[in-house]
Amino acid sequence: MGYADLDLRPPEMQRSTMYQSTCMCECGNVFESASNGCSRELVESEAYQSCDGIDFNSEKAFMFYRAYMIDRESNPNDLASNFFHILHAAWACDDFDMENARKMRLIGINLLEQIINDEQYEHVKNDNLLMEADLLRRNGKFDLLIEKFNDIKFEDEIYQKIIDFQLKKASQKDDSRYTVGDVIG
């Protein structure tokens, strides 16, 4: 119910239930409802076991980061899938661990830059640009957001309102969480 966050994190109740499709086996392999897990070599690797050395404060973030690692290995060319796994990890960190939420968003920003420049994702380029703006602002990259988005104009009125809102909040050095409802009033 309600509006999604500007980075598309769903409102409640979906926000609380989105984690139910991911589970972890005793061996450490993470499974999603549509996944077969990963190779034994990856599960046994130091990088996987330590989540690339990231000490998560949330088991959900831990599982989503491992899901990202699995997806990165098994679907390296599906950047959108990789991105949404890391975005889920950021969301899982938001409530408990802002430092790791920022780390996850930085990885997401790097993936989004590749997605935005990939012709295969041209049909959702504007959506991805709006997500990038929010990730930059939430990560405190205010000057970069202003530099990249100050001259961008969207034909869609709602998209333009969202980017104008992002630019305003970036100029105020505001990295808080906002929803689409905050933009449209």
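No lab work stands behind these numbers, since they all come straight from the coordinates. The shown structure was predicted, so the numbers you read here are calculated from the model rather than taken from an experiment. Glycine also receives a Cβ, built like all others from the backbone with ideal geometry; neighbour counts cover every protein chain displayed.
Among the residues of the range 127-165, how many are closer than 26 Å to residue 185 by Cβ and over 16 Å from the mean Cα position of the chain (by Cα)?
21
What number of residues within the range 38-56 are closer than 20 Å to residue 75 by Cα and outside any helix (DSSP H, G or I)?
Looking only at that region, the number is 3.
Show me the helices (runs of 4 or more DSSP H) entirely contained within the range 73-171 in which 2 or more residues are crowded, with 17+ Cβ neighbours inside 10 Å, among the β-branched types (Val, Ile, Thr) and out of contact with any strand residue (DSSP E or B) (no Cβ under 7 Å at 6 or more places or on another chain).
It comes to 98-116, 157-171.
When both residues are 6+ apart or on different chains and their Cβ atoms are under 8 Å apart, which pairs have a first residue that lies in the range 103-120 and is in contact (Cβ under 8 Å) with a residue 40 or more places away in the chain, and a second that is surrounded by 21 or more Cβ atoms within 10 Å (Cβ to Cβ) and of a type in the set (Phe, Trp, Tyr)?
That search, which allows pairs on different chains as well, returns 104/65.
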